[in-house]
Every structure is written in structure tokens, then in C-alpha cells.
Amino acid sequence: MPRGRYSLHDPHDHTPLAEEHFQCAPGPSGWRYVSRLTTPTGDHQGSVDLAIDELGRPIRLELHAADWQVRGAAIDGVTWVRTDPTGIHATEGNARAHAFTGTSPAFLVAVARLLRLTPSESATRVRLVALTDPVLAPRTVDQSWALLNREAHATDNDPLTVDEYQVTALDTGEQYAVHIAGDVVLAAPGIELEDLETPPSVFP
């Protein structure tokens, strides 16, 4: 069960945004990721609890940020309920999308599991609902993912297989690289893996 810590920063000016302390593991029904987020000064900022099934679909999502909360799942596309800090007003939403995305590295692993790409120059298009900080406002985004390279690196234990993806935001044309080993993001825009206590899990 990998546990560790990511640092999250603004991908453009590198302003520190948060530390994400996580643990994750594959299970009989898929994969689960839980984390808590703290500000750069150490204050509580939010949490992530994401479970996906063996096909990579989100069967349960619970996000907390700045007292806002979103619960969601893959129902008729994806469906979610967003609750304001008072806990009184809840808004339900639905979109013809494949999954969720957001600032947490968990979403990159989940999309990679959903797409199951093989190394190729060809890209696969995916529609996602992005839940954006600080108030978890939902918006639909279209991306294309291509698995450019899969490389095994020698370690003290078993070889570590690293997948290099090229992700394109189809609304802006912006492209960026995402490196994933098993269920851990090694590098991506705005994300750095600072600490990892145990090796990444290997998906069957």
C-alpha cells in the first residue's frame, strides 16, 4: 500500500499551493485513494477519497475543500452533489462524461486506468468533469491522452515500469507530460512526489 506526500504548486509561477498526504491501494473491486491536504503553513485544507472499479470508472468520490463538499459517482455519465459551506444548499449535477478530474494526482492515475492505453503515437479523447479549487466548481473539459513510452527502470527490488503520457487540453491545445508508475504519479505539471514510503502498486 503506497503512502507518501505530494507537493502541489501553480504550474505557471510555481507558487506553493498545498501538501497532499496520501495512501492508495488496489483491491478486489478496483482501486482506492485517500488523502488529506494541508496548506504550505500546515493548516488543514481539504481531503480526497476516490474509489474506482476494475474498469477505472469512479464508483465513489468525496472531495472537501474550503468547507465545500462534492460527492459523485459514475451514474448516467457522471453525477455529483455539491454542498456549500453552510451545509444547507446542495446542487446536483450530471454530465455525459467518463470520469472526474481535479488538482489531486489521484485523478491522473484514475484516467490512466480508465483508458488502458498501449504505447502509441495515437491519442484517445476523454471527457471529464473538472472540480476546481477553491470551491470545487464543476466544469466539463475535453482532453486527449497518448501513451508515448513505457520504460522499465532498475531498482533495489523489482523493476519499476514508468509510463509517459502526453495529455492535450482540447480547448486550448496546451500539451503536457505525465509520468506514472503503477498507482503513483512521479511527475506532472503542478505536482511533485516528495516522499514515498513503499513502492507503487502494480495493477494486474
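The values are calculated or read from the model by the stated rules, or taken from the named source; none is laboratory data. All figures in this text were calculated on a predicted structure; none of them were measured in a lab. Reconstructed Cβ throughout: ideal geometry from the backbone, glycine too, with neighbour counts over all protein chains shown. Surface areas here come from the heavy atoms of the whole protein model, side chains and all, with no ligands, DNA or RNA. Shrake-Rupley method; radii C 1.70, N 1.55, O 1.52, S 1.80 Å.
Please go through region 126-153 and give me each residue that is in contact with a Ser or Thr (Cβ under 9 Å, 6 or more places away or on another chain) and either within 17 Å of Ala66 (Cβ to Cβ) or among the charged types (D, E, K, R) (or both), ordered by number.
Filtering region 126-153 for residues in contact with a Ser or Thr (Cβ under 9 Å, 6 or more places away or on another chain) gives 126-133, 138-139, 141, 143-148, 150-153.
Of everything in region 126-153, those that are in contact with a Ser or Thr (Cβ under 9 Å, 6 or more places away or on another chain) and either within 17 Å of Ala66 (Cβ to Cβ) or among the charged types (D, E, K, R) (or both) turn out to be Arg127, Ala130, Leu131, Thr132, Asp133, Pro138, Arg139, Arg150, Glu151.
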Task: Residue within region 12-22 that is in a loop (DSSP other than H, G, I, E, B) and touching a Pro at 6+ places or on another chain (Cβ under 6 Å) present - done: no
Task: Any hit, region 12-25, residues being touching a Cys at 6+ places or on another chain (Cβ under 7 Å), touching a residue at least 24 places away in the same chain (Cβ under 8 Å) and over 17 Å from Thr132 (Cβ atoms) - done: no
Task: Answer residue from region 58-71, given it is closer than 13 Å to Ala106 by Cβ and not aliphatic (A, V, I, L, M) and is most open to solvent (accessible area, probe 1.4 Å) among those - done: Arg60
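Could you tell me which residue of region 104-134 is most open to solvent (accessible area, probe 1.4 Å), considering only residues that are assigned to a loop (DSSP other than H, G, I, E, B) and of a type in the set (D, E, K, R)? If you could, list the steps in order and put the result at the bottom.
Here is the first cut: in region 104-134, the residues assigned to a loop (DSSP other than H, G, I, E, B) are 104, 116-123, 133-134.
This time we only want the ones that are of a type in the set (D, E, K, R), so: 116, 121, 133.
Working: Arg116: 111, Glu121: 154, Asp133: 78 Å².
Only one residue fits best here, namely Glu121.
May I ask you to verify whether Glu151 is among the acidic types (Asp, Glu), within 17 Å of the chain's Cα centre (by Cα) and open to solvent by 70 Å² or more (accessible area, probe 1.4 Å)?
On the way: among the acidic types (Asp, Glu): yes; within 17 Å of the chain's Cα centre (by Cα): no; open to solvent by 70 Å² or more (accessible area, probe 1.4 Å): yes.
Here the answer is no, as Glu151 does not meet what is asked.
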Task: Among (1) within 30 Å of Ile75 (Cα to Cα); (2) without any contact (Cβ under 8 Å) to a residue 60 or more places away in the chain; (3) open to solvent by 50 Å² or more (accessible area, probe 1.4 Å), the one test that Asp158 misses - done: (1)
Open item on the list: Tell me whether region 135-146 contains one or more residues that are out of contact with any helix residue (DSSP H, G or I) (no Cβ under 9 Å at 6 or more places or on another chain), open to solvent by 80 Å² or more (accessible area, probe 1.4 Å) and modelled with pLDDT of 95 or more.
Closed with: yes
Open item on the list: When the residues of region 74-100 are narrowed to those that are polar (S, T, N, Q), closer than 17 Å to Pro134 by Cα and surrounded by 11 or more Cβ atoms within 10 Å (Cβ to Cβ), which ends up farthest from the chain's Cα centre (by Cα)?
Closed with: Thr91
Open item on the list: Where the second residue is in a loop (DSSP other than H, G, I, E, B) and the first is within 13 Å of Ala137 (Cα to Cα) and lies in region 70-82, which pairs have Cβ atoms under 8 Å and are six or more apart or on separate chains?
Closed with: Val70/Leu136; Arg82/Leu136
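At least 1 residues that are more than 30 Å from Pro16 (Cβ to Cβ) and touching an Asp or Glu at 6+ places or on another chain (Cβ under 8 Å) in each: list the strands (runs of 3 or more DSSP E) lying fully within region 43-98 that qualify.
Working: elements: 44-53, 58-65, 68-73, 78-83, 90-95.
By residue number, 58-65, 78-83, 90-95.
Tell me, which residue of region 165-204 that is aromatic (Phe, Trp, Tyr) and in a strand (DSSP E or B) is surrounded by the most Cβ atoms within 10 Å (Cβ to Cβ)?
Applying the first criterion (aromatic (Phe, Trp, Tyr)) to region 165-204 yields 165, 176, 203.
Next cut, in a strand (DSSP E or B) only: 165, 176.
Numbers: Tyr165: 21, Tyr176: 13.
Among those residues, the one meeting the criterion is Tyr165.
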- [ ] Take the residues in region 1-57 that are of a type in the set (Val, Ile, Thr) and within 14 Å of the chain's Cα centre (by Cα), then tell me which one is most open to solvent (accessible area, probe 1.4 Å).
- [x] Val34
